[in-house]
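**Q** The following block contains the structure, expressed as structure tokens.
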Amino acid sequence: MTRKRKNKLVIFDMDETLVDFYPIHDKAFHKATRKVYDCPGCYEKVDHAGRLIPESIKNMCKICKVPASVIKKNMQKAMKLYIKEFVNSVPKNTGKYVNPGVKKLLNALKGKVKLALVTRDEPEITEKILKATGLDKYFKTAISKDSGKTRADCIRKAIKKMKHKGDVIVFGDSVHDIEAGKKVGATTIAMLTGPTKRARLKKQKPDYIFKDFKNTEKILEAVL
């Protein structure tokens, strides 16, 4: 008698987990903060991993001592410019922006588990990245930043949208991904594909930590 595979939903973070569009994000961030707030924005100067783009802009402006009232008044303008700059900067050939091993893993998981994407990116940016990289064919459900106040809310929305009642596995590169996964009772897999160091991720006590997606077999063992 063959053992029946458990019903599982695997949820992936996008930026700096599946893909690395950091140079394009940084370019858009710099242009938006410079043009709108006269502040030389740089993502390396703020803790941007797993955070909403407006939060990073706000934190950058605080470093530049931009008054809170000015930040709030011009945030919508800054975000429109950010999104426009990002979308227009994505090249036709995006192969180098997909992290090594990602598509091999997704191909191995497709049909064996349910797949969903949860990101705190703007919907326009999420759609552009998924279509440009071809990752859209793997994810019927993609939850962007406007789908909940917190990352845990977004994960819950993905679970509800998928009508899922089995095990949940959450992949992410930031402490926020791991914290959110634990809040919904998911198995958490931390990836060292982003700027967050191993020691900081380890403090969150993820179930697994992987350097990257290259070791497909080991990751499949953790998931399946």
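**Q** State log₁₀ I(q)/I(0) for segment 83-138 at q = 0.27 Å⁻¹ as given by the Debye formula over alpha-carbon point scatterers of equal weight, solvent excluded.
**A** Result of the Debye calculation: -1.22.
**Q** What pairs in Lys72/Lys128; Lys157/Lys203; Lys140/Lys165; Lys72/Lys203; Lys45/Lys84 have C-alpha atoms more than 29 Å from each other?
**A** Over 29 Å Cα-Cα: Lys72/Lys203.
**Q** OK, next. Just the projected area, averaged over all directions, of the convex hull on the alpha carbon atoms of segment 39-146: how many nm²?
**A** With the hull built on Cα positions only, its mean projection is 7.8 nm².
**Q** Quickly estimate the mean residue ellipticity at 222 nm for the chain, helices only: each DSSP H run with n ≥ 4 gives -39500 (n - 2.57), and the total goes over all residues, rounded to 500.
**A** -13500 deg cm²/dmol
**Q** In segment 48-108, what trypsin sites (Lys or Arg not before Pro) fall in a loop by DSSP, with at most 10 other Cβ atoms inside 10 Å?
**A** Lys65, Lys92
**Q** On to the next question. Testing the spin-label approximation: label points 7 Å from Cα along Cα→Cβ at Ile63 and Met79. State their distance in nm.
**A** Once both label points are built, they end up 2.2 nm from each other.
**Q** Pick out, in residue order, every one of the trypsin sites (Lys or Arg not before Pro) in segment 162-224 that is DSSP loop and has at most 11 other C-beta atoms within 10 Å; say none if there are none.
**A** Lys163, Lys165, Lys197, Lys203, Lys211
**Q** Continuing with this model, one more query. Using θ = phi - 60° and the Karplus form 6.51 cos²θ - 1.76 cosθ + 1.60, what ³J(HN,Hα) does each residue of segment 198-208 get, whole Hz, x for Gly and Pro?
**A** 4, 4, 5, 5, 4, 4, 7, 6, x, 5, 9
**Q** Kindly put Leu52, Leu117 in sequence by how many other C-beta atoms sit within 10 Å of each C-beta, fewest to most.
**A** Leu52, Leu117
**Q** Which entries in the list Lys65/Lys211; Lys110/Lys161; Lys58/Lys182; Lys197/Lys218 go over 29 Å, if you measure between the two C-alpha atoms of each?
**A** Checking Cα-Cα distances, Lys65/Lys211 exceed 29 Å.
**Q** With N denoting the number of residues in segment 22-89, provide Rg(C-alpha) divided by 2.2 N^0.38 Å, to two decimal places.
**A** Working it through for segment 22-89, the quotient is 0.97.
**Q** No other cysteine beta carbon under 4.7 Å away is the test; run it over the chain and list who passes.
**A** Unpaired cysteines in the chain: Cys42, Cys61, Cys154.
**Q** Right, another one. According to the Kirkwood expression over distinct Cα-Cα pairs, how big is the hydrodynamic radius of the chain, in Å?
**A** 18.1 Å
**Q** Specify the residue with the greatest mean-square fluctuation among Gly134, Gly194, Gly166, computed from a Gaussian network of the chain linking alpha-carbon atoms under 10 Å apart.
**A** Gly166
No lab work stands behind these numbers, since they all come straight from the coordinates. Just so it is clear, the model here is predicted, and its values are computed rather than measured. Methodologically, a virtual Cβ is constructed for each residue, glycine included, from the backbone with ideal geometry; neighbour enumeration extends over all protein chains shown.
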